[in-house]
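Working notes, beginning with the structure itself.
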Amino acid sequence: MADKEGLKTAKDYGLDTPFQAQGDFHVKGANNLDWGMKKHLSNIFDAKTGKTVMFAFDHGYFMGSTAGLERLDIVIPPLADYVDVWMATRGALRSCIPPSAKNGVALRVTSGSSMLDDDLSHETVAVDIEDAIRMNADCMAVQTFIGADGQLSSLENLSRVINAGLRYSIPTLGVVAVGKDMERTDRFFKLATRILAEMGAQIVKSYYCDHFDEVVAACPVPIVVAGGKKLSEEDALTLAYNSIQGGAAGVDMGRNIFQSEHPVEMAQAVRKVVHEGFTDKEAYQFYQDLIH
Ligand code: 5RP
């Protein structure tokens with residue numbers, strides 16, 4: 001059993017060396033996966049840019065009707081043409097989202113938290129693999145709580161979903177949760193993202209941080225960056241830009257789109273950064289031009 005004594009601090013991230021196991025598939029770490037897995041990953045990550053704009057509206061699974069998501073049926077459908085993937089619960093999708101939409105599906109499969117509970121770190125796998133298949137999920141999202149009281153149970157959840165996903169060729173998205181007592185440092189995110197990848201998650205969702213490029217280099221699967229709490233549109237576009245510049249395979253943005261004054265225009269501006277090489281300043285100008 002490895003012990004913590006004598007573990008040296010990692011320092012050589014080879015930032016100038018591209019990922020050496022890429023092969024000819026556009027998703028990091030997926031070259032040895034089977035056709036079905038690659039098909040689902042291709043429904044998430046654009047084959048030309050290798051990136052994705054995930055639009056997250058799964059907040060209701062523990063926040064209820066949060067600001068901006070009071071009416072899923074009104075807010076979500078207009079965004080379909082501007083985001084690549086819905087990050088959502090089965091309840092929201094089945095009740096409010098037309099199955100004719102072409103968007104990929106990142107299906108939230110764990111639950112058990114609520115805003116009434118101080119400790120969000122104890123969840124369960126609520127959606128079984130059969131329903132993920134029925135929903136045509138392109139990945140299954142599992143909340144993990146590294147360093148929190150719920151670490152073991154959340155990693156058990158992750159393993160169960162990865163095992164089922166491998167049986168049926170559906171990727172798993174390991175979600176790095178950051179509890180209120182956790183440190184949003186590169187040291188924490190290097191640990192958390194790498195653990196999820198080593199356990200077999202095909203995609204990891206995390207947060208932008210200092211030395212983010214090192215976090216990306218040390219993680220052998222793609223990292224998508226959560227938007228986090230609402231920022232100004234200008235700052236949110238800078239967050240997206242810095243994430244992409246740092247090597248993120250995309251963003252998974254919720255509140256910074258659905259709590260924007262102009263969600264559709266904001267989604268279009270995010271897309272410019274992720275897929276079309278816009279700088280944050282160019283994307284913000286694009287956003288301003290759209291709304292005026
Ligand atoms: C909420 C989530 C969201 O998917 C994730 O945090 C992205 O949303 P936002 O950009 O609003 O943080 O995990 O449970």
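A few remarks follow.
- Every residue from segment 130-148 that is closer than 18 Å to Leu173 by Cα and touching a Gly at 6+ places or on another chain (Cβ under 7 Å): Asp138, Met140, Val142, Thr144, Phe145
- Single residue of segment 165-194 satisfying the filter (touching a strand residue (DSSP E or B) at 6+ places or on another chain (Cβ under 8 Å) and not β-branched (Val, Ile, Thr)) that is nearest to the ligand (Cβ to nearest atom): Ala177
- When segment 125-148 is limited to residues that are within 15 Å of the ligand (Cβ to nearest atom) and among the β-branched types (Val, Ile, Thr), the one that is modelled with the lowest pLDDT turns out to be Ile146.
- Of the residues making up segment 38-64, just one is away from the ligand (no atom under 16 Å from the Cβ), assigned to a loop (DSSP other than H, G, I, E, B) and buried (at least 24 other Cβ atoms within 10 Å of the Cβ), namely Phe45.
- Test result for Ala141, surrounded by fewer than 24 Cβ atoms within 10 Å (Cβ to Cβ), in contact (Cβ under 8 Å) with a residue 60 or more places away in the chain and in contact with a strand residue (DSSP E or B) (Cβ under 9 Å, 6 or more places away or on another chain): no
- Selection count, segment 208-225, where residues are assigned to a loop (DSSP other than H, G, I, E, B) and in contact with a Cys (Cβ under 8 Å, 6 or more places away or on another chain): 0
- Scanning segment 22-68 for residues that are in contact with a Ser or Thr (Cβ under 9 Å, 6 or more places away or on another chain), at pLDDT 95 or above and among the hydrophobic types (A, V, I, L, M, F, W, C) gives Phe25, Val27, Leu33, Trp35, Met37, Ile44, Phe45, Phe57.
- Hey, His275 away from the ligand (no atom under 15 Å from the Cβ) and under 17 Å from the mean Cα position of the chain (by Cα) or not: yes
Quick grid of which residues meet (1) over 20 Å from Val251 (Cα atoms); (2) in contact with a His (Cβ under 9 Å, 6 or more places away or on another chain):
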site: Ala164; (1), (2): yes, no
site: Ser169; (1), (2): yes, yes
site: Thr172; (1), (2): no, no
site: Met199; (1), (2): yes, no
site: Phe212; (1), (2): no, no
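- In this structure, Ala67 does satisfy being within 16 Å of the ligand (Cβ to nearest atom), aliphatic (A, V, I, L, M) and part of a loop (DSSP other than H, G, I, E, B).
- Subset tally (residues that are away from the ligand (no atom under 13 Å from the Cβ) and more than 15 Å from the chain's Cα centre (by Cα)) for segment 221-234: 3
- Ser206 vs. criteria within 14 Å of the ligand (Cβ to nearest atom), under 22 Å from Lys11 (Cβ atoms), surrounded by 17 or more Cβ atoms within 10 Å (Cβ to Cβ) and touching a residue at least 12 places away in the same chain (Cβ under 8 Å): yes
- Selection count where residues are in a strand (DSSP E or B) and acidic (Asp, Glu), scope segment 192-207: 0
- Ser111 being free of Cβ contacts under 8 Å to residues at least 60 places away in the same chain and in contact with a helix residue (DSSP H, G or I) (Cβ under 9 Å, 6 or more places away or on another chain): yes
The values are calculated or read from the model by the stated rules, or taken from the named source; none is laboratory data. Every value quoted in this text rests on a predicted model; they were computed, and no experiment measured them. Here the Cβ is made from the backbone with ideal geometry for all residues, glycine too, and neighbour counts use every protein chain on show.
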